[in-house]
Amino acid sequence: EEAKKRYEALIPMFFMMKELSGILRNSRHHRGSIDFDFPESKIILNAAGKAIDVKPYEANVATKIIEDFMLMANETIAEDYFWQDVPQEYCTEEIPFVYRTHDNPDPEKVESLLTLLHNQGVKIQKAKEEITPKEIQQIIESIEGLPNEAMISRLVLRSMKQAKYTTECSGHFGLAAKYYCHFTSPIRRYPDLQIHRIIKENLHGELSEKRIEHYRHILPTV
C-alpha cells in the first residue's frame, strides 16, 4: 500500500508496460523464439562480499517487462544500423557495426537429437532439411511436465550453436530474429560498448571517414 501511494502517478503506466510486455512476448513466441526457461541462481553475499548461499532467482512481472523491452531495443537498434548507410561523401557502404548472431544448428546434431527424442517417446517431425526455431519451440513445449524435461531441454540446448559477435548481420536463430545486437549491455562486454561509441558518434555527426575506417579495422578483433 505504501508503494502504491508513493508511485500513484506512475501505476497506470506500469500496467500499460505489463500489457505491452505480454504483447511483445506473444509476438516473439508466434514467430518461433525459443524460451528454455532454465531456473537461474542468485548468489547471496555477506557484508564482506563473500558468497554464503545460492538460491533460486525468482522472475517476476518486473523482470519480464525489463527483458521484453531490452530484447525489443536490441532488435530495433540492430535493424536500424543494418539499413543505415555511411554518409555519401565517404562511400555508400553500411555503417560498421557489431551484431549478436546465432547460426542454425548443424543438421547432423539435429538428426541425433531427433533420434534421441524419439527413443524418449517425444515424436517431432521437421518439415524441411533444416530445423526451424518454431520446431525447436514445439519440442520444448511438448516435453513440459515430463519427468525428464530438464535433461531433454539441456540436450536440445547442446544441439544448438553458440551465439557470437559478428560484423555481418546473419540473424539470431534462438530468438527467430532477423536483426539482433547487444545494445542494452555496454557495461557487461566490450563489443557492446563499441556499438554505443558508434551510435554516439553517428548521432553527433562525428562518423568521419577516419573513424569509419578505424571501426572497420578494429571490429573483427573486438
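The values are calculated or read from the model by the stated rules, or taken from the named source; none is laboratory data. The structure presented is a predicted model; accordingly, all values stated were derived computationally and were not measured. FYI the Cβ positions are ideal-geometry reconstructions off the backbone, even for glycines, and counts take in every protein chain you see. Areas reflect the complete protein model, heavy atoms only, side chains present, ligands, DNA and RNA absent. Shrake-Rupley method; radii C 1.70, N 1.55, O 1.52, S 1.80 Å.
Farthest toward the positive end of the dipole of the range 75-206, out of GLN125, ILE198, SER153, is the Cα of SER153, where the dipole comes from beta carbon charges about the Cα centre.
Couplings 3J(HN,Hα) of the range 179-188, computed from phi: 10, 7, 8, 9, 4, 8, 10, x, 7, 9 Hz, in residue order, whole Hz [Karplus 6.51 cos²θ - 1.76 cosθ + 1.60, θ = phi - 60°; x for Gly and Pro]. Note on the chain: with neighbouring protein chains present and a 1.4 Å probe, carbon and sulfur make up 54 percent of its accessible heavy-atom surface. Note on GLU130 and ALA3: the model spin-label points, each 7 Å out from Cα along the C-beta direction, lie 4.4 nm apart.
Determine the shape class of the range 18-66: with a ≥ b ≥ c the square roots of the Cα gyration tensor eigenvalues, call it rounded for a/c under 1.5, and otherwise prolate if a/b is greater than b/c, oblate otherwise.
It comes out prolate by the Cα gyration axes.
Could you give the size of the charge dipole of the chain about its Cα centre, using +1 on the Cβ of each K and R and -1 on the Cβ of each D and E, expressed in debye and rounded to the nearest 20?
It comes to approximately 620 debye.
For ARG154 and MET70, the difference between the fully extended length at 0.36 nm per residue and the C-alpha to C-alpha distance is 27.8 nm.
What the Cα atoms of the range 121-222 give is an Rg and a Dmax of 19.3, 59 Å.
If R0 equals 45 Å, the separation of the Cβ atoms of ASN46 and LYS18 corresponds to a calculated FRET efficiency of about 0.85.
For GLU94, the residues whose amide H sits under 5 Å from its own are VAL86, ignoring neighbours fewer than 5 places away on the same chain, with H placed 1.01 Å from N.
Among the GluC sites (Glu not before Pro) found in the range 1-104, those both in a DSSP coil and sparsely packed, with 16 or fewer other Cβ atoms within 10 Å of their Cβ, are GLU1, GLU8, GLU58, GLU89, GLU93.
Quick check: from the Cα gyration tensor, does the chain come out rounded (a/c under 1.5), prolate or oblate? Note, shape of the chain comes out oblate. Computed over protein heavy atoms with a 1.4 Å probe, the accessible surface of the range 26-77 works out to 73 Å² per residue. What the phi angles of the range 47-53 give under the Karplus curve with 6.51, -1.76 and 1.60, with θ = phi - 60°, is a coupling list of 4, 8, x, 8, 5, 10, 7 Hz, glycine and proline written as x. Computed from phi, the 3J(HN,Hα) profile of the range 145-150 under the Karplus parametrisation 6.51, -1.76, 1.60 (θ = phi - 60°) reads x, 6, x, 9, 4, 4 Hz, with x in place of Gly and Pro.
Here the range 63-154 is treated as a Stokes sphere of Kirkwood radius computed over C-alpha pairs; at 20 °C and 1.002 mPa s its diffusion coefficient rounds to 128 µm²/s.
Computed over the Cα atoms of the range 1-98, pair by distinct pair, the Kirkwood hydrodynamic radius stands at 17.6 angstrom.
Rg/Rh for the range 107-159 stands at 0.91; both radii use Cα atoms, and Rh follows the Kirkwood definition.
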